[in-house]
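Let me begin by presenting the structure, written as structure tokens, before commenting on it.
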Amino acid sequence: MVITEPDSTQPDRGDGREPEDAAPTPEGPEPEERAEADADGDAATRPDAKPDDHERWQRFASGATPPPAAAPPGRLRAAGGLAARAARSEWTLAGLFSALLAVGMTWPLAKDLDDVIPHDTGDPLLLTYILGWVGHALRGDPAGIWDTNSFWPLTDAYLFTDTLLGYAPFALFATGPTSALVVYNLLYIASFALAFLGAYALLRQLGARVAGSAVAAAAFAYAPWKLGQAGHLQVLSCGGIALALAMLARGHGWSLRHGFKPERQRPGWIVVGWLTALWQFSIGAGLGIPFVYLLLGTGVVVGLHWLVLRPRLKWQTIAANGAGGVVFSLGVLWIADRHAVVAREYPEAVRDVDYISWFSPTWQSFIISPEESRVWGAAHEAARADLTWAPEQALLVGFTLAALAVVGLIWSCWTGWQRLWLALGGALVFAIAMGPNFLDHGSWAWLPLYEYAPGWDAIRTPGRLVIYLTLILAVLAAGTLTRFADEADDVAHRARVDKRLKVKAPRRVQALLFLPLVPVLWEGLTVAPYVEVPDAPVDMAALEGPVLFLPSGGGDTKVQYWSTDGFVEVANGVAAFTPDEQAGLRSMAETFPADDAVEALREAGIETVVVLPGSGLDLGIEPFGVEVEHVGDSAVYDLNP
């Protein structure tokens, strides 16, 4: 007999472990459990047993006497007891563990929040600038958030890349370069903590046990492919996906292991789940668009299921879905409409199939590690050499996770049909994630979405769908470890001396199931540096805009970051595409400070040009009618003194 345990919707003991002797739930034990209990002659679980029979047998076997009745506690004592139970609860411990683990896995970032940035000074500084701009706009002119101070004189530049709008409450604390850097680094650490906690909540809701959920959640949060995405906060911020799914499943009273339980419907969780899904979408369309289609597909399946089986739904559940779904849809449509404006005004932003193919993974990508991996980076160097763009194509999900998932296809707590559907879902995600590099240039998976699904053509890197493949593998892996825990309890229960007692495996045996955490976290270690952020070479707040920094190109992320000091208008900027007008300004400045370049930039509206060290330009030339000031190794040209 396999002793199954309640899912995470049942009360816990308050110490983070599964309940061992919880009172029967309103729906009562499953039929097969009642039959097995009768066969064993367990007096504590017979249908005719009184509710407190089991507790009485436990006291009898241990020789304990019942405690004397105590007087009801006072309000202060009751509040203290409630606080103590909350501090020992599973979710408090899980949240604390996820935070400490995130700090440890990203160390020493936590002690240098205002000096360094993870990975490099490219995209991370761009995202730091975006956070700074969001805070600046919300404090001063929320309606003007779309037109940033960078990419002058273009409009809607805020939408040229992922917006991080969901982080707006935290961006309010970004009041300058240093504070913006601190906010970014804290969000970077928190993204790993949320990914762990979100996946853990989802797996517990599905019916996995604590050890299996913890190991699988760690594999999701610290998958090796994430090491190559360390510069992309919008990609690391995927915890909301798992958390929203967990909330929606909990609100509907559904788990993978126990199915639909009408009495466990919680409409409040449904509303919060929809709001969390909208928050996840608002961080960035790159992850948000596939998530919308996932929710849409899930809604279709659930709707068909309801039409066929007609499960008992509370009217509050229907109302919560209606209200939450409407808010989610309106928010998505509003953000999508803003992005559609950019697509219309800047045709150069559209990516064709050949462009997307360059960044899409190959068949081997999912077992190739990024170079940032401490464990596999050097070993997979030769394999990465065959990739066209390794930073987006090295997508190792983790060998430990893959091994547990493969075992889970054969031996698991999930049913055979559930494992089959998980396998088919993983295969579908694998095919779509390969983009044009799948069979027949993606004609059977990715291409129909690219051609017919609204918004799908905006996804530059299909390989980032590995998030969903990792999550599916995590569910399979959690099923494997949960089955181990169930079998351990089964062995202990059958070996009990007193057949009237319900026995589980010793804690030291259950603790062994946490051992896979070691190789999972070991594979998640990085060698990527934490780079010191350079200070601005000039006083940004004192410059007269519009300003053009030279050279202009990939290094413009530093300029955008420096501009958070005063937000002077700058023509520089980095995004997922290069606007034609910006390319024109760069072309004009190629011969700067020659007279023709000065005149062209002056006519274009540029007031100041700052030439940075290493530009290769001749700083000895002082054009007529231009005031030049040398600041260190840089030169500031006032074109209209």
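A few notes on this one:
- Condition check for Asp147: on the phi < 0 side of the Ramachandran plot, of a type in the set (D, E, K, R), open to solvent by 10 Å² or more (accessible area, probe 1.4 Å) and within 20 Å of the chain's Cα centre (by Cα): no
Conditions tested, residue by residue: (1) among the β-branched types (Val, Ile, Thr); (2) part of a helix (DSSP H, G or I); (3) under 14 Å from Ser360 (Cβ atoms); (4) touching a His at 6+ places or on another chain (Cβ under 8 Å).
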site	(1), (2), (3), (4)
Arg419	no, yes, no, no
Leu422	no, yes, no, no
Ala427	no, yes, no, no
Ala431	no, yes, yes, no
Glu451	no, yes, no, no
Pro454	no, no, no, no
Arg460	no, no, yes, no
Gly463	no, yes, yes, no
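- Within the span defined as the range 320-339, one or more residues are closer than 30 Å to Asp120 by Cβ, part of a helix (DSSP H, G or I) and over 21 Å from the mean Cα position of the chain (by Cα).
- Lone unmet requirement of (1) modelled with pLDDT of 95 or more; (2) assigned to a helix (DSSP H, G or I); (3) in contact with a Phe, Trp or Tyr (Cβ under 7 Å, 6 or more places away or on another chain) for Trp279: (3)
- Of the residues making up the range 145-167, just one is touching a Phe, Trp or Tyr at 6+ places or on another chain (Cβ under 6 Å), hydroxyl-bearing (Ser, Thr, Tyr) and in a helix (DSSP H, G or I), namely Tyr158.
- If you go through the range 578-621 and keep only what is of a type in the set (A, V, I, L, M, F, W, C) and either assigned to a helix (DSSP H, G or I) or surrounded by fewer than 18 Cβ atoms within 10 Å (Cβ to Cβ) (or both), you end up with Ala583, Leu585, Met588, Ala589, Ala594, Ala597, Val598, Ala600, Leu601, Ala604, Leu619, Ile621.
- Val271 among the β-branched types (Val, Ile, Thr), out of contact with any Cys (no Cβ under 9 Å at 6 or more places or on another chain), more than 21 Å from Leu525 (Cα to Cα) and in a helix (DSSP H, G or I): yes
- In the set (1) touching an Asp or Glu at 6+ places or on another chain (Cβ under 8 Å); (2) assigned to a loop (DSSP other than H, G, I, E, B), the condition left unmet by Gly286 is number (2).
- In the set Asp162, Asp156, only one residue is acidic (Asp, Glu), within 15 Å of the chain's Cα centre (by Cα) and either at pLDDT below 95 or surrounded by fewer than 24 Cβ atoms within 10 Å (Cβ to Cβ) (or both); that residue is Asp162.
- Here is the figure for the range 369-390: residues that are open to solvent by less than 30 Å² (accessible area, probe 1.4 Å) and out of contact with any Asp or Glu (no Cβ under 9 Å at 6 or more places or on another chain) total 3.
- Residue satisfying all of: in the range 110-144; charged (D, E, K, R) and assigned to a helix (DSSP H, G or I); least open to solvent (accessible area, probe 1.4 Å) among these: Asp123
- Qualifying positions in the range 300-321 - loosely packed, with under 13 Cβ neighbours inside 10 Å and small (Gly, Ala, Ser): Gly303
- Taking the criterion of being open to solvent by less than 40 Å² (accessible area, probe 1.4 Å), part of a loop (DSSP other than H, G, I, E, B) and touching a residue at least 60 places away in the same chain (Cβ under 8 Å), the residues of the range 469-524 that qualify are Asp498, Leu501, Pro516, Gly524.
- Any hit, the range 625-634, residues being of a type outside the set (Val, Ile, Thr), open to solvent by less than 30 Å² (accessible area, probe 1.4 Å), closer than 17 Å to Asp535 by Cβ and not in a helix (DSSP H, G or I): yes
- Only listed residue being modelled with pLDDT of 95 or more, part of a loop (DSSP other than H, G, I, E, B) and either surrounded by 24 or more Cβ atoms within 10 Å (Cβ to Cβ) or in contact with a Leu (Cβ under 9 Å, 6 or more places away or on another chain) (or both), chosen from Ala244, Ala218, Ala208: Ala208
- Looking across the range 84-141, the residues that are among the acidic types (Asp, Glu) and farther than 30 Å from Glu523 by Cβ come down to Asp114, Asp141.
- For the range 87-102, the condition holds for at least one residue, the condition being that it is open to solvent by less than 30 Å² (accessible area, probe 1.4 Å), over 22 Å from the mean Cα position of the chain (by Cα) and not acidic (Asp, Glu).
- Residue in the range 53-68 that is at pLDDT below 75, touching a Pro at 6+ places or on another chain (Cβ under 7 Å) and over 30 Å from Leu197 (Cβ atoms) present: yes
The values are calculated or read from the model by the stated rules, or taken from the named source; none is laboratory data. Being a predicted model, the structure only gives us computed values, none of them experimental. For neighbour counting, all protein chains shown are included, and Cβ atoms are generated from backbone atoms with ideal geometry for every residue, glycine included. Heads up: the accessible areas ignore ligands, DNA and RNA and are worked out on the full protein's heavy atoms, side chains in. Shrake-Rupley method; radii C 1.70, N 1.55, O 1.52, S 1.80 Å.
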